[in-house]
Amino acid sequence: MGDVEELFTDRASALKAARHLLHGDGPTRVLVFTGVSGTGKSTLLAHIAAKAPHPSRTHLLDAAQGRASLAVPSEGGEHAALELLRSVAVALACGAPWWRRRRVRRRAAALGTSRKWTVRVRQWASRGGVITHSPVTVTAARPTQAERRAGWVTELAEIAHAVRRRQSVLLIDTCEWLMFFDDVHAEQPRPGQPLGVGAWFAGVLDQVLNEIPGLRVVVAGTAVPGAWRNEGAPKARYRVHDLAAWKAADVRAYLARRGLPESDGLAEAISERSQGLPAEVAWIADALTGSLSDDHAADSTATVIAMVKDLEETVTGDRQEWLRTHVLSRISDRNRHLLNAAAILSTFTSQALHTVAFHPGFAAAAPAQDDDWFDPLRRMSCLREVPASRGHWTLHPAIRDWLVTAMSEDDAHRMPDERRLPRLHQAAAVYYEALSDGAFSTQAAHHRFWLGDHRHVGSWTAHVVRALETVAVDGLSLHVLTEAALTVADLRTTLPRLYADAHLVRAFLTSQTDHNAAQEHAEVALRAYQDIGHKGVCRAALLAGQAAWNRKRYAEAAAHWTVALQTGGPAPSALRAAAAEAVSRTGDLHRADELLAQALQHAQTDVQQVRHAAESPQPAQPAGVSDTVPCPLLADAVRPSLRLAHLHVLISENSARLCDWTRSAQHSDSALEHADDDPHVTALAHRNHADHATYVWDLRKAERHIKAGLAAARSCSDKRCIALLQLARADLAERKARWAPPRPADEAIRSSPTPTTMPVIAPSTAATKLSLDERAEAAHQMNLAATARATAFELATELGDIRTVAQSITGTEPALALDIFRAIGDRLGEAEALADLADIARRRGDLESSKELSLEAQALFRDLGDRLGQAYSLEALVELAKNRGDALAAERLAGESLRVFRALDDGVGEAHALRSLAEIARRRDDLELAEQRGLEALAVSRTLGDRLGQAHTLDDLADTALRRGDMEVAEQRAREALTLSRITGDVPGQTNALKTLAEVAGFQGDVSEAEKWGLQALTVSRTIGTWVGQAHILFRLSEFAQRRGDLDLAEERGLEALALYRGADDMVGQANALIALTASARARGNLDLAEERGLKAVALARRGGDLLGDANALIELAAVGLARGDLDVADERGLEALTLARRGGDLLGQANALCVRAETALARGDTATAHTVLGQAAVLYDDAGLPGAAEDCRKRQHAQ
């Protein structure tokens, strides 16, 4: 590696952290360096070791040295773990006081060799007390892995205690190997813990640090145990330092130390080509300084300058081509041949390299072993001696990849018998086979596999099976065995069965720590098994499905488990249950219902199948890899004894989504019956009962079930049930906020066309106090709902349950929830989030986006079989159709949704659909039908106790009364709607009620009161940013400003309302705004503009099917014609407006049209007609509740 102290460059912050650590500054005891391969971690550790304050008590270890112990297959990964502790113990023993150092070293070297013996002595004595027989029994029980390791740690702690007063530094390199030593997953009672000894060794290191206050540890690796990343606490014992690639300035400094020109161009070019990795920079410098050639001659300055120019010209060229031209070409043939052999061997001794590189099959003459043939390699920065490995060397992975790639490309242009890669692999295989003397060697197997030679496949399989059957599973052996296969190119073509088996085992190895890698390996194995028609398809599909499940990719899990079900063999009920649950998580309700029913049937017959299998044992089959790989615990690993109860819970949830509430309740009861007091199943069953009770507004029952569920969940180890119950509690609190004691439905209310029995909201003190109390309680319930959702979100986040996270934020952050649902494949959650986004888009006036989102949600709901979701998405489309003015489509969609809501007994949805139908009828001036639909909706909401629904319906009924001219009833209804909206905290409802009160005051002639209500409504509406709501209010405020003579303000408000209506694509609203602007232009005397605006208003009102708007626009146009003196046009328009108003039963519209006709008659000089028409208008104003307007008509009548 060269002179570390002379050539070490950069890493100032890393060295500063190391100095603080070694001098005991601060609480840090363990410094962790991480970075990708090639960032100089090993060089950094070597530099720290060279600069340590106490070199004799500084020890550099390599966690990768445990791989050498695999040469003895029977010892395997467990022996490697022991060797790691033994290396630590020996290093610590070097710091013992001189008078006990030898004894402590012997104990360290013998760590783990002691064995506990049980000695039993029995004695028989005669009556006189004389012992006649005394047998001694000595036994040595086989300890478990946990017992063995506990003994090792005790011995290590004793050694640490012996050196507790010493200052020592421990450096551990390539600590990523700590993740591959063994598999504790297979040994109870420690299921589900990560693969490897990383977490275990971190705990051991903590104990050692506690024993030796003066011990400091520096570790480095591409991956480190999670416990070593605890740098968040202010006094953390561990500190992590990430090593970044070199910058151009660092490269320039290093090149200068190597004696190369200090050229910015050269530094930048090399930095670009090496990606700033110090290992690759050092190798390029080796080539330029002659370290790779036999004569050690460095390139001349002119050559380097030419190279710089070439680099600048080819900065965007192919990196591999540049390396071949400027680096590999500078290596002498002999050194190139040695490096090629080293690349094939990866980790090697000088003897191994000598034997392989100078194999008789090569033309190069073999030097003697005692010659200095290895010295040129020692000077190369790409080679490193493995610490404490007794002469093992390793080639840097990045450099190895360069050489192998170059050889592969070069071999492509050679004859088969002249290719170097096969010949090197052949020589390496022969060497390792001779070294192992007939025993299995992973190194020999790797090289044979590369050659496509299957002679070691059987032994490889036997060793894999043995490692899998070891208790606990020998993870390190499996890792090295699979690495021997998976690092072979084209293995899928040459040895497909081996290729599939290796990926399957690697999927099992990574199944506890890296679910992404586990799924990838399992899917590769699955495809390979399918290609060769092997039965391993089932096991690969099981592993792939479980990895996808752990990643919350439910659609992928369902697909893989479905493949496992279709393999033809008998499918266990656990697999059927897991597949059914995965399908249910995707939202495919009917498919999930079918699979759940099948799983339930098979689960109920499991006992008989097990008994039959016990009575008729099957003959043992020879075990292969796919037969031996442990089957994963599927889905959430439900115990067999609880599988029935769990399936009942799932069927209950799925039935509820299908709105089959009776079946849902039955299965919830069955779940409680089979739960056997299991808290998790009990909590989920009560949650299902609570959801049903909340849906049907039985809020007391819902609260009882939630309390029972939370009581069970408190003793449950799986806290997901608490998060789900918190969401149920939030739904209940939201219902309570809008609930009042239900009032029985009154058929008279449903059928009466007149509101003679409507209550009057009197401004009494008692009523006000009651309203305030109810408002406080509703606000309290909404706060409870928000708190419960926040609690569910925090708990789900802590547990990593992203599905519950998405469910908890769907109402507040639907865009984020949509991303999550799509990522995990939950199509039902996706549809619900889309529906929420559609509603938000509609409220802000983005109707095009709202339509697209609603149609997408409806399609998903339809595909998944969610009828309730379809009905609500239909209601969203109804709102869009109403805004577009498509009355026929709106009525058709509303009628369809009403039928679904009634079939599903959804009172809230039914009332909503009835209100939509009432508004459609009101727009076409069918006020009698609008009143009837509104009263039906009010009866439904009162039966449920739904105050929010009542408020919305009362406001709609107030609008109907207003159009009918019944101002007293309109005001009563609007005031009651305002009170209920304030109680429930419904801002849109308050806005609509205030607007209606403003309209009532305006029609009654009290413009000041009307503006007061209108400005209140505008203020409230702007807090929620609804375009259409603001436009409605501005439209009315424009009329009020015009009536009090402020024409500028009237014009400003009208134009603002028109802009908002246009932004929301609301044709009816645009028509109303243009009517107000027509009146404003006429009052200003701009008759051409008034005519233009009026005609546009008529066109928009007719396209939107708004008869009342059409009539009002014609009335304004008649007034414009009258002002122009075009009496025929004025009379024609007034008559057309009167006809439309009469068709819709609009008293106020009829009266206004008659007034215009009277003015036209007066202009003609026809006083008799004017007198008659004014009398008719006065009667209509009286009927409409506008006595002031009626009195004005009579005064003008008497003036004739």
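Each residue of the stretch 376-384 was assigned a 3J(HN,Hα) from its phi angle through the Karplus curve 6.51 cos²θ - 1.76 cosθ + 1.60 (θ = phi - 60°); the sequence is x, 6, 4, 7, 7, 6, 7, 10, 9 Hz, with glycine and proline shown as x.
For the pairs LYS16/LYS247; LYS736/LYS1012; LYS851/LYS882, flag any whose C-alpha to C-alpha distance is greater than 22 Å.
Cα-Cα > 22 Å for LYS736/LYS1012; rest within.
Between LYS701 and THR605, the C-beta separation translates, for a Förster distance of 56 Å, into a calculated FRET efficiency of about 0.95.
Kindly give the semi-axes, whole Å and largest first, of the ellipsoid equivalent to the stretch 851-944, taking each as the square root of 5 times a Cα gyration tensor eigenvalue. Mind showing how you got there, number by number?
Numbers: eigenvalues 97, 61, 13 Å².
Its equivalent ellipsoid spans semi-axes of 22, 17, 8 Å.
Site pair ALA412 and THR222 shows an inter-label distance of 2.4 nm when each label is modelled 7 Å from Cα along Cα→Cβ.
Arranged from fewest to most other beta-carbon atoms within 10 Å of their beta carbon, THR628, THR442 become THR628, THR442.
Full extension from ARG466 to GLN530: what is 0.36 nm times the residue separation minus their Cα-Cα distance, to one decimal in nm? List each step's numbers first, then the result.
Numbers: separation 64, 0.36 × 64 = 23.04 nm, distance 2.53 nm.
Computed gain between ARG466 and GLN530 is 20.5 nm.
Here the scattering of the stretch 946-1025 is modelled by Debye summation over its C-alpha atoms, one equal scatterer each and no solvent; at q = 0.20 Å⁻¹ the log10 of I(q)/I(0) is -0.77.
In this rough spin-label picture, where each label sits 7 Å from Cα along the Cβ direction, the PHE440-VAL36 distance is 3.6 nm.
Net charge within 13 Å of ALA1178 by Cβ-Cβ distance, Lys/Arg positive one each and Asp/Glu negative one each, not counting ALA1178 itself?
Around ALA1178, the charge tally is -1.
Tell me, what is the FRET efficiency for HIS590 and LYS719 to the nearest 0.05, using R0 = 45 angstrom and their Cβ-Cβ distance as r? Before the final figure, lay out the partial values.
Working: r = 31 Å, r/R0 = 0.70.
Efficiency computed from Cβ-Cβ geometry: 0.90.
Full extension of the chain between ARG455 and ARG390 gives 20.3 nm of extra length, using 0.36 nm per residue less the Cα-Cα distance.
Amide hydrogen proximity for LEU215: with H placed 1.01 Å from N in the peptide plane, the residues at 5 or more positions away or on another chain lying under 5 Å are SER168. Charge dipole of the stretch 851-944 (Cα centre as origin; +1 on each Lys and Arg Cβ, -1 on each Asp and Glu Cβ, all else neutral): 80 debye, rounded to the nearest 20. In plain terms, the residue of SER850, SER717 with the fewest other Cβ atoms within 10 Å comes first and the most crowded comes last, giving SER717, SER850.
Based on alpha carbons, the Rg and Dmax found for the stretch 1106-1199 are 12.2, 36 Å. Modelled spin-label separation between SER13 and SER849, with each label point placed 7 Å from Cα along the Cα-to-Cβ direction: 3.9 nm. For LYS701, the aspartates and glutamates whose Cα comes closer than 16 Å to its Cα, not counting residues fewer than 8 places off in the same chain, are ASP669, ASP691, ASP731, GLU734. Here the stretch 826-893 is assigned +1 on the Cβ of each Lys and Arg and -1 on the Cβ of each Asp and Glu. Its dipole about the Cα centre then comes out at about 260 debye.
Bear in mind that the values in this text are calculations on the coordinates, not laboratory data. Everything quoted here is computed from the prediction, not taken from an experiment. Methodologically, a virtual Cβ is constructed for each residue, glycine included, from the backbone with ideal geometry; neighbour enumeration extends over all protein chains shown.
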